[in-house]
1. Filter the range 68-89 down to the residues that are part of a loop (DSSP other than H, G, I, E, B) and either modelled with pLDDT under 70 or among the hydrophobic types (A, V, I, L, M, F, W, C) (or both) and list them by number.
2. Quick one: W22 ticks every box in (1) modelled with pLDDT of 80 or more; (2) aromatic (F, W, Y); (3) over 14 Å from the mean Cα position of the chain (by Cα) except a single one, so which number is it?
3. Applying the selection to the range 58-67, what residues are modelled with pLDDT of 85 or more and either surrounded by 24 or more Cβ atoms within 10 Å (Cβ to Cβ) or of a type outside the set (A, V, I, L, M, F, W, C) (or both)?
4. When only residues in the range 38-57 that are in a loop (DSSP other than H, G, I, E, B) and surrounded by fewer than 22 Cβ atoms within 10 Å (Cβ to Cβ) count, which is modelled with the lowest pLDDT?
Amino acid sequence: MDSSCLIIYTAGHGWDVKSVDWHPTKSLLVSGGKDNLVKLWDAKTGRELCSFHGHKNTVLCVKWNQNGNWVLTASKDQIIKDAYALFHSALQLYDIRAMKELESFRGHRKDVTG
């Protein structure tokens, strides 16, 4: 039985963390929370690498794509953000390498949860 575990103190979030996803190949984590933020973490050190402020309400879901170049986020603000970098109850797209938002997808009338 594997008794190892990872503990990361997400002191960077000002409120509850609602979603976390591991990078598919690197020791990176992405998290989203009730503070409307999406954060990128170094899983080896527990250090926050960057923070994205694209959503106007709770971030309910964060997810890396298969090759780890993009993160999609969904929020109670009805925006989905698609990113390399991350973010929105809409969907946002961020370019993580450039640390900037690439696209926001709007049109949902209710919370986007995944």
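1. Within the range 68-89, the first condition is being part of a loop (DSSP other than H, G, I, E, B), and the residues that meet it are 68-69, 84-89.
Within the range 68-89, Y84, A85, L86, F87, H88, S89 meet the criteria.
2. Among (1) modelled with pLDDT of 80 or more; (2) aromatic (F, W, Y); (3) over 14 Å from the mean Cα position of the chain (by Cα), the lone unmet condition for W22 is (3).
3. Initially, the range 58-67 is screened for residues modelled with pLDDT of 85 or more, giving 58-66.
If the condition is that a residue be modelled with pLDDT of 85 or more and either surrounded by 24 or more Cβ atoms within 10 Å (Cβ to Cβ) or of a type outside the set (A, V, I, L, M, F, W, C) (or both), then T58, V59, V62, K63, N65, Q66 are the ones that fit.
4. Of all residues in the range 38-57, those in a loop (DSSP other than H, G, I, E, B) come to 43-47, 53-57.
Applying the additional criterion that residues be surrounded by fewer than 22 Cβ atoms within 10 Å (Cβ to Cβ) yields 43-47, 53, 56-57.
On the way: A43: 87, K44: 88, T45: 87, G46: 84, R47: 87, H53: 81, K56: 86, N57: 90.
It comes out as H53.
The values are calculated or read from the model by the stated rules, or taken from the named source; none is laboratory data. Keep in mind it's a predicted model, so treat the numbers as computed, not measured. Cβ coordinates were reconstructed from backbone atoms using ideal geometry, including for glycine residues, and neighbour counts include every protein chain displayed.
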